[in-house]
Amino acid sequence: MSAAKIFFNRNALLVTKHGKEKVIVPLLSDAFGLKIELADKIDTDQFGTFSGEVERPDTQYNTARLKILKGFEQYPEIEIAIASEGAFNPHPDCAFIPVNTEIVMLIDKKNELEVSGRYLDLAAHVKESEISSVEEGENFAAAIGFPEYGVILKASPKEIEKPYVLKNFRTKEDLQTAMHFLLSISGNGKIQMQTDMRANFNPTRMKNIEHATNELVNAILSVCPKCHTPGFSVGQVIKGLPCSWCGAPTKSTLSHIYACKKCGHGVEKKFPHGKQNEDPGFCDYCNP
C-alpha cells in the first residue's frame, strides 16, 4: 500500500485557526498530493487555550483526535482530516527545563488509518513575569521579541473572580493601551505578562509544528513490513541504555518499538540514536 497512491489528489481538512497551514499544508501537499482546505467553521479554542480561559478536555493525543472528529462532523464529505496539538510541560527528567511537545495527526476514515508526527523542543520560547508599570511591561515585551512574539496580559480586578485576559496585540501602542487599562483595574496594582504560545503569535512554536509535520511525513512513508500499511512508526520507547563506566541501565533510550496499528506487527530497533552506551554523567550510580 503506497502512501503516495492512497492520498494523491484527495481532499483533506486542516482543523486550525492559528495559522498552522503556513507550515503544515506545503509539506503534506508536496509529499502526498493532498488538496487541503481549512476548517473555518470550527473554533479550536473550544479544545483549550494557552491563556487559561478554556481547559484542554483530554490528553494531547486525544485532544488532537477530538479536533479531527469535530472536522468530520462539520464537514461530512471529507474523508481525511489533520489537526495539531501542542503542550508545554516540565522535562520528564528535569522539572526546571520547559519542554514544548508538538503533535500533528492525520486520520483517513476510508482506509481506517491514523498516523501522528511528534516533535519535542528543549528550548521552547516560554517567558512570564509580574509587572507593576508600563515601563516594566515594555521591557518584558522587548526581551521576548515583541511584536514578532506575542504577549498575553492578565489582571485580577477586585470585583471579578476570574482573571481579566487581553491578547492579540500587534503594535506597541495597542500593548501600552492594554497595560494602562489593566493596571488601572488590577486589584493588587500588578499584571501578569507571558509569551503568547499560540502558533500564529510564536515563531518558535510554529517551527516546532513544522518539525512535527516532517515527522508525520516520515511516519506515513514508513510502511509495515507485514501488511504494507503506512504509519509503521515508534509506538514505544524502551529506556535503559547502559552506562559506559559501570554498565548500569540509565534513563536514556535503549530501543524503539515500531508498531503497526492495522495488523499489530511490531519490530524492536536497538540503539536508535546511534550509540550503544551512555555518558556516565547521565548515570544515577556514577553521577547520583
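Structure notes:
- Some residue of segment 217-226 being among the β-branched types (Val, Ile, Thr), under 20 Å from the mean Cα position of the chain (by Cα) and closer than 22 Å to VAL104 by Cβ: yes
- Segment 19-52, residues that are part of a loop (DSSP other than H, G, I, E, B), in contact with a helix residue (DSSP H, G or I) (Cβ under 8 Å, 6 or more places away or on another chain) and either in contact (Cβ under 8 Å) with a residue 24 or more places away in the chain or within 19 Å of ILE6 (Cβ to Cβ) (or both): GLY19, LYS20, GLY33, LEU34, ALA39, LYS41, ILE42
- Residue among LEU69, LEU13 that is modelled with pLDDT of 90 or more, in contact with a helix residue (DSSP H, G or I) (Cβ under 9 Å, 6 or more places away or on another chain) and either in a strand (DSSP E or B) or over 30 Å from SER156 (Cα atoms) (or both): LEU13
- Filtered residues of segment 79-121 (kept if among the hydrophobic types (A, V, I, L, M, F, W, C) and in contact with a helix residue (DSSP H, G or I) (Cβ under 6 Å, 6 or more places away or on another chain)): ALA81, ALA83, ALA87, ILE103, VAL104, MET105, ILE107, VAL115
- Within segment 60-76, the set of residues being without any contact (Cβ under 8 Å) to a residue 24 or more places away in the chain and charged (D, E, K, R) comprises GLU73 only.
- Selection of segment 221-247 for residues being touching a residue at least 24 places away in the same chain (Cβ under 8 Å), in contact with a strand residue (DSSP E or B) (Cβ under 7 Å, 6 or more places away or on another chain) and farther than 28 Å from SER29 by Cβ yields ILE238, LEU241, PRO242, CYS243, SER244.
- Residue, farthest from PHE146 (Cα to Cα), within segment 179-205, restricted to residues that are among the hydrophobic types (A, V, I, L, M, F, W, C) and surrounded by fewer than 21 Cβ atoms within 10 Å (Cβ to Cβ): ILE185
- Listed by first and then second residue, the pairs linking a residue in segment 262-288 that is aliphatic (A, V, I, L, M) to a residue that is part of a strand (DSSP E or B), with Cβ atoms under 8 Å apart and 6 or more places separating them unless they lie on different chains, are VAL267/ILE257; VAL267/TYR258.
- The number of residues in segment 149-178 being assigned to a helix (DSSP H, G or I) and surrounded by 11 or more Cβ atoms within 10 Å (Cβ to Cβ) comes to 6.
- Which listed residue, of ILE82, ILE103, is modelled with pLDDT of 95 or more, crowded, with 17+ Cβ neighbours inside 10 Å and touching an Asp or Glu at 6+ places or on another chain (Cβ under 8 Å): ILE103
The values are calculated or read from the model by the stated rules, or taken from the named source; none is laboratory data. Treat the numbers as computed from the prediction; the structure is a model and nothing was measured. Methodologically, a virtual Cβ is constructed for each residue, glycine included, from the backbone with ideal geometry; neighbour enumeration extends over all protein chains shown.
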